[in-house]
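Read-outs throughout are calculated quantities, based only on the coordinates presented, and are distinct from any laboratory measurement. Note that the structure is a prediction, hence the values are computed from the model and not measured. Every residue, glycine among them, receives a Cβ derived from its backbone with ideal geometry; neighbour counts consider all protein chains shown.
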Amino acid sequence: MQIRVKTPAKLNLSFKILGLRDDGYHDVETVFQSISLEDEVLFNIEKSSGASFEMTCDNPALRKLMPLDQSNLIAKAISAYLGKMKESQNLQIKVQIDKRIPIGAGLAGGSSNAAGALLAINRFFNDRLSEKELIELGASIGSDVPFCIKGGTCIGRGRGEILERIDTSLLLNYCIVKPRKLSVSTPLAFKMFDESNLKPDVPAMENLVEALKNGDLESTLAQLGNSFQDVIFKAHPELDALSKQLIELGAWNCKMTGSGPTLFAIVAGREQGHRIRRHILNDEDIGFVYGTEEIILEALPPIDFRLAETVNHGARIVSME
Ligand code: C5P
């Protein structure tokens, strides 16, 4: 059976760290938003005499950045799902991934792929688990996986896995901006936050939720915030400068998503987004600050710059044969 899924990235419109818990995680309050930047993953699943798992990615540049073995979140999701089956399963599973979401970026690309894997394997078993059960299983794989299943606009509490949908009519346009040479590990970002004495001023989430429910653009823009931002900007001042530059170029507001380093700038529409992209990609200073030998050799712009917009769904199956 061949199952194709599309798995959107997420932004944290707001991300507030409340404190460290006894289990090593942090309690957070966040507003998640799914966006139109997405990966496509093709699953070939067949019954077989022995179990096998094989994963391929067409882009050679990404193969170096992304594990394609059992440590990939897709493999973990499938093995968590099969672990819940009463009878043992011998399946031959082939996964082909078309990766568009930047890696190590704070965009939940890996978690979103894991969410897609749960949907695909569940479809193979005739949707044996409900969405609620899949979300519970997703939480055992990663804190962002439940949201990547549910999608849209949601409040996330606990470690991010306790979700509440927000009904909003607000459609936002984003520039998604990631310096290619920077990646941030989430556990390390939490450690840096705990060890810093910075006290970031993140607006109360309730105000953002109200603004979104009322479709109030101005108030929404004023309520964005991220507890990680000060500590990550301190470690990478060039990211702070990039964020200010995006505002100078006309973006309505700009914040970091999750543990970063990706920035999202909210803009009036695609036309303005294209204009800002042209400025950034032609800026020689940026090439100087962010260029690396590898990036120049591969002829890639040093900033990975994407345009995206709000979407109201999470990972989903798009075709089946
Ligand atoms: O849940 P996930 O596996 O994505 O988290 C990766 C790591 O990030 C955790 O092991 C933990 O160190 C940190 N984390 C945290 N608090 C959260 C989410 C993640 O401390 N709410």
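The requirement of being surrounded by 17 or more Cβ atoms within 10 Å (Cβ to Cβ), within 18 Å of residue 15 (Cα to Cα) and either under 17 Å from the mean Cα position of the chain (by Cα) or within 15 Å of the ligand (Cβ to nearest atom) (or both) is not satisfied by residue 116.
Scanning segment 310-321 for residues that are in contact with a helix residue (DSSP H, G or I) (Cβ under 8 Å, 6 or more places away or on another chain) and either closer than 22 Å to residue 146 by Cα or polar (S, T, N, Q) (or both) yields 314, 315, 316, 317.
Selection of first residues in segment 129-142 that are under 14 Å from residue 82 (Cβ atoms) and of second residues that are hydroxyl-bearing (Ser, Thr, Tyr) and more than 10 Å from the ligand (Cβ to nearest atom), restricted to Cβ pairs under 9 Å at least 6 apart or on distinct chains, gives the following pairs, ordered by first then second residue: 129/81; 134/81; 137/81.
The residues of segment 1-58 that are among the aromatic types (Phe, Trp, Tyr), within 15 Å of the ligand (Cβ to nearest atom) and part of a strand (DSSP E or B), listed by number, are 15, 32. Tallying residues that are surrounded by fewer than 12 Cβ atoms within 10 Å (Cβ to Cβ) and more than 16 Å from the ligand (Cβ to nearest atom) within segment 172-191 yields 0. Hey, among the residues in segment 170-194 that are of a type in the set (Lys, Arg) and in contact (Cβ under 8 Å) with a residue 24 or more places away in the chain, which one's farthest from residue 9 (Cα to Cα)? Residue satisfying both the conditions and the ranking: 181. Just so you know, in segment 306-317 the residues that are in a loop (DSSP other than H, G, I, E, B) and either aliphatic (A, V, I, L, M) or more than 23 Å from the chain's Cα centre (by Cα) (or both) include one that is nearest to residue 117 (Cα to Cα), and it is 315.
Looking at segment 139-156, is at least one residue away from the ligand (no atom under 16 Å from the Cβ), surrounded by fewer than 23 Cβ atoms within 10 Å (Cβ to Cβ) and under 27 Å from residue 64 (Cα atoms)? Taking every residue of segment 139-156 in turn, none turns out to be away from the ligand (no atom under 16 Å from the Cβ), surrounded by fewer than 23 Cβ atoms within 10 Å (Cβ to Cβ) and under 27 Å from residue 64 (Cα atoms).
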